[in-house]
Each structure stands twice: as structure tokens, then as C-alpha cells.
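This report concerns only the one structure given below.
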């Protein structure tokens, strides 16, 4: 919870305060806690990440296989949401997800700093899509906020399971600390690659429950657009970075596996909440 409150303040625009030095000193302890958290998550995936090839084409093939073999893929939670969940259950799930949303467009913007031209340009194109290509109605963040508002969700940290908060804190930590920049690349890329199947099932569940297409637009949009985003991310971001520095492959693999493992942990907790089989 400390990291959740820290990140909520950390990313907000602010103004100079007279006690800034005290705040910085207090933040040092939280940053150390954050570092220990990230390193613990890294240790869990390092044996698997070490098996990732460092040759660019072989690495791209390994990365793409995560869509089928990575942690949390094919989880039974999502067919259940599509076919059986009632509205209160769907609302609880969406509130958990909304509370754990770290803001994809902001994470991309932070991550792209000082990367080479080709990857930077693809991240810029991705960001521009997330921003509705300059039109407020098309921005993805407000689309999610519309779901929260119209379904009367209350996504608050105090009522959110720790697994969801931990996943959001992990994503912010990877993007905000430049020592994990390549990890952030892997984590963001694997979101784009694995999200379409899940969001299409969530959308099917919402449609079954009578939620209008205008309200649930966030989900069908990502079910199609993220497929294109993933293909471009893999070819224009991952491949050039691994070609330039084969050592980047291991860091990218770790980031992808960390994100998938954090998501799988959430799915398991959600299933437990609903009384579904492990």
C-alpha cells in the first residue's frame, strides 16, 4: 500500500513545496523498498528468462510464443466472465482492474526516453493511438473512465486486492527507473501481445449482460488495435534493440515474464474470490 500511495503522488504534476528536502529523504526509503520488490520479482523469472535466445530472430520467435505458453495465458477466469459472471461479479472484476491500471500511455511516454530512433518512433505511434490520435473522444484512458463512471464502480486501493496493486506498482517501477528500461519494453510489449484475447472475452461478457457498445468500447477497441500494436512493437522495438545489443534480450525477457507472472497472480486471486476452481 505504501508503494501505491507513493506512485499516486509520484506521477502527479505538482508545485514546489518548502518541505521538499524532507519529502526526498522519505522517498529514499520507499525507493529502496521498491527496488527490493522489483528484484524479488526478477529473481522469480530469471531461470526462465535466461533460456531466451539472444539472436534477434530467435528471440522474436521466443517472445511471440509467450502468447501461448506464458504465465496466465488461457486462464479459465476469462471464459467464465464471458459466459457466466453476473453483473455484480463483473463489476467487482472491473473495479479491481481499474484500480490496478497504471496508465499505458504514460508508461510508454516515460519508457521511450533516450531510446534509438526506430524504437522511439514506434513507441510514439503507439502513444498517439492511445491518445486518440489527438481527439479526446478517442483517448483510451477516458474510455476506461467511462466504464467506471457508467457502471458506478469504485476502484479504490483500500478495496483492491494486493495482487492488482502490486502489478500496477511493478509497471510504474519498471518505467520510472531507467535501470529497468529494457524490462519496461518487455512488459509493455507483452501486454499488447496478450491482451486481445482477454479483452474480447470481457467484452463478450459485458455484451451478454446488456452493457451498451458505447459504454464498453474500450474492450472491442483493444481486442483489434492491440493486435496491430503487438506486431509493430515486436518488429520495430524488440528486434532493433536486440540487434543493437544482444544482452537486452535477457532484460526484455525478464520484464515480459514479470508482467505475465503478476497478471497470472491477479487471475488466481480473482478466481479464488469467485470460488472458481484453481
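The values are calculated or read from the model by the stated rules, or taken from the named source; none is laboratory data. Keep in mind that this is a model prediction, so the values were computed, not measured. As a convention, Cβ positions derive from the backbone with ideal geometry for all residues, glycine included, and neighbour counts pool all protein chains shown.
Is it the case, given these coordinates, that residue 197 is under 18 Å from the mean Cα position of the chain (by Cα), buried (at least 23 other Cβ atoms within 10 Å of the Cβ) and within 24 Å of residue 232 (Cα to Cα)?
In short, no.
Name the residue that is farthest from residue 269 (Cα to Cα), counting only residues in region 80-94 that are outside any helix (DSSP H, G or I) and either in contact with a helix residue (DSSP H, G or I) (Cβ under 9 Å, 6 or more places away or on another chain) or at pLDDT below 95 (or both).
So the first thing to find is which residues in region 80-94 are outside any helix (DSSP H, G or I), and the list is 84-86.
Of the ones still in play, those that are also either in contact with a helix residue (DSSP H, G or I) (Cβ under 9 Å, 6 or more places away or on another chain) or at pLDDT below 95 (or both) are 84-85.
Numbers: 84: 18, 85: 16 Å.
The selected residue is 84.
On the basis of being outside any helix (DSSP H, G or I) and at negative phi, does residue 192 make the cut?
No, not satisfied.
Got a number for residues in region 39-52 being surrounded by fewer than 17 Cβ atoms within 10 Å (Cβ to Cβ) and part of a loop (DSSP other than H, G, I, E, B)?
Result for region 39-52: 2.
Can you name the residue in region 200-226 that is within 16 Å of the chain's Cα centre (by Cα) and free of Cβ contacts under 8 Å to residues at least 40 places away in the same chain and, of all such residues, is surrounded by the most Cβ atoms within 10 Å (Cβ to Cβ)?
Among residues in region 200-226 that are within 16 Å of the chain's Cα centre (by Cα) and free of Cβ contacts under 8 Å to residues at least 40 places away in the same chain, the one surrounded by the most Cβ atoms within 10 Å (Cβ to Cβ) is 219.
Going by what's in this entry, would residue 61 be described as under 23 Å from residue 173 (Cα atoms) and free of Cβ contacts under 8 Å to residues at least 40 places away in the same chain?
Judged against the criteria, residue 61 is not a match.
Report, by residue number, each residue of region 133-156 that is in a helix (DSSP H, G or I) and within 17 Å of the chain's Cα centre (by Cα).
140, 141, 142, 143, 144, 145
If a residue must be crowded, with 17+ Cβ neighbours inside 10 Å and over 20 Å from the mean Cα position of the chain (by Cα), how many such residues does region 63-80 contain?
Residues that pass the stated criteria total 1.
Scan region 7-14 and tell me whether some residue there is in a helix (DSSP H, G or I), under 19 Å from residue 166 (Cβ atoms), at pLDDT below 95 and in contact with a helix residue (DSSP H, G or I) (Cβ under 6 Å, 6 or more places away or on another chain).
yes
For the list (1) part of a helix (DSSP H, G or I); (2) modelled with pLDDT under 95; (3) over 22 Å from residue 69 (Cβ atoms), I need the number of the one condition that residue 273 fails.
(2)
Mind checking which residues of region 55-79 are touching a helix residue (DSSP H, G or I) at 6+ places or on another chain (Cβ under 6 Å), outside any helix (DSSP H, G or I) and under 30 Å from residue 150 (Cβ atoms)?
72, 75 - these are the residues of region 55-79 that are touching a helix residue (DSSP H, G or I) at 6+ places or on another chain (Cβ under 6 Å), outside any helix (DSSP H, G or I) and under 30 Å from residue 150 (Cβ atoms).
Only one residue in 122, 105, 101, 163 is touching a strand residue (DSSP E or B) at 6+ places or on another chain (Cβ under 9 Å) and either part of a helix (DSSP H, G or I) or touching a residue at least 40 places away in the same chain (Cβ under 8 Å) (or both). Which one?
105
Considering region 70-98 alone, what residues qualify as being without any contact (Cβ under 8 Å) to a residue 24 or more places away in the chain and under 16 Å from residue 277 (Cα atoms)?
The answer is 74, 84.
Only residues that are within 20 Å of residue 12 (Cβ to Cβ) and surrounded by 21 or more Cβ atoms within 10 Å (Cβ to Cβ): list them for region 168-183, please.
168, 169, 170, 171, 172, 173, 174, 175
Go through (1) touching a residue at least 40 places away in the same chain (Cβ under 8 Å); (2) assigned to a helix (DSSP H, G or I); (3) more than 20 Å from residue 258 (Cα to Cα) one by one and return the number of the condition residue 115 breaks.
Here residue 115 meets the rest and fails (2).
Answer yes or no: is there a residue in region 30-38 that is at pLDDT below 95, surrounded by 11 or more Cβ atoms within 10 Å (Cβ to Cβ) and either farther than 14 Å from residue 173 by Cβ or within 18 Å of the chain's Cα centre (by Cα) (or both).
Taking every residue of region 30-38 in turn, none turns out to be at pLDDT below 95, surrounded by 11 or more Cβ atoms within 10 Å (Cβ to Cβ) and either farther than 14 Å from residue 173 by Cβ or within 18 Å of the chain's Cα centre (by Cα) (or both).
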